[in-house]
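The next block holds one structure in the form of structure tokens; read it before the comments.
The values are calculated or read from the model by the stated rules, or taken from the named source; none is laboratory data. What you see is a predicted model, and the numbers here were worked out from it, not measured in a lab. Positions of Cβ are generated from backbone atoms using ideal geometry, with glycine treated the same way; all protein chains shown enter the neighbour counts. Ligands, DNA and RNA are excluded from the accessible area calculation, which covers all protein heavy atoms including side chains. Shrake-Rupley method; radii C 1.70, N 1.55, O 1.52, S 1.80 Å.
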Amino acid sequence: MANFLRVNMSNGSVTAEPCPEHYNLLGGRGLTSQLIFEEVDPTTYPLGDGNKMVIAPGLLTGTTAPSSGRLSIGAKSPLTGGIKESNAGGTAARKLARLGIKAIILEGRAKVGEWFVLKVSSVGAELLPAGDLVGLGNYATVDKLRTRFGEKVGLISIGPAGEKLMAAASVAVTDPDGRPSRHCGRGGMGAVMGSKGLKAVVIDDAEAHETLLDLVDPSGFNEIARRWSKTLSETRKGLTNFGTASLVKPISAVGGLPTRNFSRGTFEGADNINGEVLAERAKARGGKTGHACSPGCVIRCSNVYHDQNGQYLTSGLEYETIVLLGANCEIDDLDAIAELDRLCDDYGLDTMEMGHTMAVAMEAGLLPFGDVNRVKELLGEIASGTVLGRILGQGAAVTGRVFNVARVPVVKGQGMAAYDPRALKGTGITYATSPMGADHTAGNCLPGRGGVDPNKREGQVKVSRELQIMSTVIDALGLCLFVGPLPDSMEMIAQLLSKARGTEVTVADLLSLGQNILRTEIAFNRRAGLTSTDDRLPVFFRQEKLAPYELVFDVSDEELDEVLNF
């Protein structure tokens with residue numbers, strides 16, 4: 001039987017309770033959002049004891065469904081002020097599923113100055129003192145915990161940014177190689193975890209055999225999973241060979257590559273940071289592409305990137321990081337970007353939010369565009385908690401207000417992904433209307449999606465709406481987004497769930513599930529004080545023409561208000 005693990009950080013109690021039946025078909029984002037909606041006062045201070053943090057594997061995690069090892073973390077966000085779910089790959093989700101843990105619910109907060117590790121295994125769970133880990137980066141934290149608890153444990157941890165309650169702080173999850181390189185980066189979940197006094201979660205699934213989803217027809221389920229795995233591995237070879245950096249060229253081609261703090265849509269140094277360069281360099285130095293970020297991933301879009309001496313530097317060097325810490329800051333050195341990625345992973349910072357923050361700081365004159373060494377110094381200031389570091393650690397929106405910068409590409413306080421909304425208008429609609437803030441994974445309208453021209457407004461509302469619904473379903477099931485928020489993927493998921501339950505699940509049922517999750521999230525945000533006026537892009541996107549194609553964001557407010565008005 002699947003259980004909730006309720007951890008009260010105020011009194012140190014850890015209690016397992018059976019999962020109520022009405023949650024049985026919820027997982028991942030669906031479960032985190034529902035629990036936050038039901039148990040958290042929307043007006044509560046995000047870093048106070050009234051907020052809760054929910055850690056949940058997806059509904060299909062632990063099964064043979066391909067690429068189903070995603071972990072969701074949800075809370076009221078200190079960055080957006082609304083509901084938030086952020087997810088990552090790694091090993092933690094699968095291990096929790098094997099232990100039969102449907103969700104870990106963190107509530108209350110430890111006394112100031114007290115820090116703990118939550119140890120979870122087949123024999124129970126307990127909070128252990130973690131004073132020796134305070135101040136350590138994620139890499140050193142993981143090394144210590146693996147030495148203490150064994151190399152096969154899964155780990156969830158925060159770095160110094162999370163300890164200091166920075167709104168741009170991420171939560172690290174170890175990958176299959178035991179490295180803290182997979183991050184629930186968006187929305188400041190690391191700050192929420194830090195506010196609880198929790199430094200890390202250790203998950204030991206040795207001898208575990210539980211499941212979250214009882215399969216009525218396991219042979220039928222596994223046969224569909226095998227067929228889908230084969231299809232995905234055959235049709236996602238570009239991602240396998242070149243990773244998400246393969247997007248650099250097509251996004252540049254439509255004029256949507258954020259450059260110099262979103263002031264241009266193409267970057268003269270783009271050919272130095274694309275997927276082909278990454279793959280060639282990784283392999284030449286002993287790294288690799290085609291790396292799985294979580295067990296059971298058949299797409300394998302991750303990579304292992306070594307430095308010039310052939311030593312491990314970072315893994316999972318993704319398109320978003322490359323563009324926002326690269327082109328957006330006018331840095332065209334892939335090695336330098338990899339070093340910045342490693343620092344962010346170690347300090348526990350969202351690379352996307354940092355790419356925005358540094359570009360806004362450059363716009364403000366705090367450092368020149370392209371100054372890699374100064375960016376490293378400023379990341380260090382965030383980790384050490386200087387006054388300037390505390391400003392920057394709150395993200396781009398706060399940095400822009402403090403230093404009086406007009407061009408700050410955020411929605412609901414969260415920095416945009418690496419797609420300029422003037423060139424990819426559907427993605428701009430998602431940025432504006434998603435309950436999650438400016439998040440591409442909520443519904444990314446890439447070139448070719450829905451058969452519409454990304455530069456034109458016609459048809460984009462429909463595409464964004466459909467992608468937001470399907471992406472929500474994928475997040476709830478614990479699937480990688482690259483299985484595709486597409487009709488054929490929804491059909492495969494419906495078939496899997498039909499075999500699992502023994503009764504027919506239709507695509508319409510799945511879309512209804514996605515709509516219901518979105519309704520729940522929107523309702524929380526409205527009660528938290530966010531209104532339709534928060535579902536807008538910054539005004540400069542309507543006024544400043546984006547070179548080279550002189551584009552503006554021209555989707556009306558009335559159209560935006562109809563996107564999720566089901």
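Results, tabulated for the structure shown:
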| item | result |
| --- | --- |
| Extent along principal axes [Cα atoms of the chain; Å; largest to smallest] | 58, 52, 51 |
| Partners for residue 412 among aspartates and glutamates (Cα-Cα distance below 15 Å; same-chain residues under 8 apart left out) | 85, 353, 439, 521, 534, 535 |
| Accessible area of the chain divided out per residue, in Å², using a probe of 1.4 angstrom | 34 |
| Assigned charges on the beta-carbon of Lys, Arg, Asp, Glu; region 396-518 dipole about Cα centre (debye) | 500 |
| Region 167-301 - percent of accessible surface contributed by carbon and sulfur, probe 1.4 Å | 48 |
| Extreme residue, positive dipole direction of region 401-537, given options 513, 409, 448 (C-beta unit charges) | 409 |
| Charge dipole of region 15-69 about the Cα centre (unit charges at C-beta), most positive-ward option of 69, 15, 30 | 69 |
| Check: region 13-112 dipole with +1 on Lys, Arg Cβ and -1 on Asp, Glu Cβ, in debye | 460 |
| Net charge contributed by nearby residues that have their C-beta within less than 10 Å of residue 287 (K/R +1, D/E -1) | +3 |
| With every protein chain in place, region 503-566: carbon and sulfur % of accessible area (1.4 Å) | 50 |
| Ratio Rg/Rh [Cα only; Rh per Kirkwood] for region 466-505 | 0.97 |
| Loop-located GluC sites (Glu not before Pro) in region 101-172, at most 16 other Cβ atoms within 10 Å (DSSP) | 114, 151 |
| Exposure of residue 237 as accessible area (Å², to 10), given a probe of 1.4 Å and all protein chains | 110 |
| Unit charges at the beta carbon, dipole of the chain: most positive-side option, 553, 136, 375 | 136 |
| Region 65-105: trypsin sites (Lys or Arg not before Pro) in DSSP coil with no more than 13 other Cβ atoms inside 10 Å | none |
| Shape category assigned to region 294-438 from the gyration tensor of Cα positions, a/c cut at 1.5 | oblate |
| Dipole magnitude of region 149-220, debye to nearest 20 (Cβ charges: Lys/Arg +1, Asp/Glu -1, about Cα centre) | 660 |
| Pairs beyond 31 Å (Cα-Cα), from 199/499; 95/425; 237/425; 76/249; 102/196 | 199/499; 95/425; 76/249 |
| Within the chain, helix-based [θ] at 222 nm, where runs of 4 or more DSSP H residues each add -39,500 (n - 2.57), nearest 500 | -11000 deg cm²/dmol |
| Accessible carbon and sulfur surface of region 377-459 relative to its total accessible area, %, 1.4 Å | 53 |
| Ranked order, 205, 453 - accessible area, probe 1.4 Å, largest first | 453, 205 |
| Per-residue SASA entry for residue 189, accessible area with 1.4 Å probe, Å² rounded to 10 | 0 |
